[in-house]
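Please read the structure below before turning to the comments.
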Amino acid sequence: MRWLIDGYNVIRRDPDLRGREGESLEAGRRALVHLIADLARRSADDFVIVFDGARRGSMPGPAGRVRQVFSRPPETADDVIVRLAEQWRDAAIVVTSDRTVQHAARRARCAVLGAEEFLARSRRDVGDGSVETDEEQDRPTRKAGNPRRLSKQALAASRALRRLPPR
């Protein structure tokens, strides 16, 4: 499975990462890459972090299954994510809180996670070894049809979250 991560979108949704970005864009990117590299060490999945703009500085990418992609003008990071989502289709999980990108990724049959949901799961400590599996929290309040059945989008997001290794 491949994770497509909207780099700056995720950075700006987390206070720690946002603080690092306040120091410099490079520091914010480095902090996110270290967070993702930690996930990659505990997972068999590949991670692609997409950023806007050309790479500046000499930050080497982490070894392993974490890759950084920088968009080239006039293309934006959102364009790159949508293009890769259409290419990888249901073999990708898109992490972004940008609704336009989320809709395009769903049209491409990708699982979609919001940045906050991804960050909460990736930073969650599981001290007692238990994994939270309560599907009630993912269920919308009003829904037509079988009230006990999750929507396809909610099921895809739930499966994607289960792929993230516990800390």
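Considering ARG106, ARG83, the condition of being modelled with pLDDT of 90 or more, surrounded by fewer than 18 Cβ atoms within 10 Å (Cβ to Cβ), over 15 Å from the mean Cα position of the chain (by Cα) and in a helix (DSSP H, G or I) is satisfied by ARG83 alone. Of the helices (runs of 4 or more DSSP H) lying entirely inside region 1-57, those carrying at least 2 residues that are touching a residue at least 40 places away in the same chain (Cβ under 8 Å) are 7-11, 25-41. Only residues that are among the basic types (Lys, Arg) and at pLDDT 70 or above were counted across region 140-157, and they come to 3. Going through (1) part of a strand (DSSP E or B); (2) free of Cβ contacts under 8 Å to residues at least 40 places away in the same chain; (3) within 20 Å of LEU164 (Cβ to Cβ) one by one, VAL94 falls short only on (2). Kindly check whether there is at least one residue in region 116-127 that is of a type in the set (Ser, Thr, Tyr), surrounded by 12 or more Cβ atoms within 10 Å (Cβ to Cβ) and modelled with pLDDT of 95 or more. Taking every residue of region 116-127 in turn, none turns out to be of a type in the set (Ser, Thr, Tyr), surrounded by 12 or more Cβ atoms within 10 Å (Cβ to Cβ) and modelled with pLDDT of 95 or more.
The values are calculated or read from the model by the stated rules, or taken from the named source; none is laboratory data. Everything numeric here is computed off the predicted structure, so don't read it as measured data. Backbone-built Cβ (ideal geometry, glycine too); neighbour counts: all protein chains shown.
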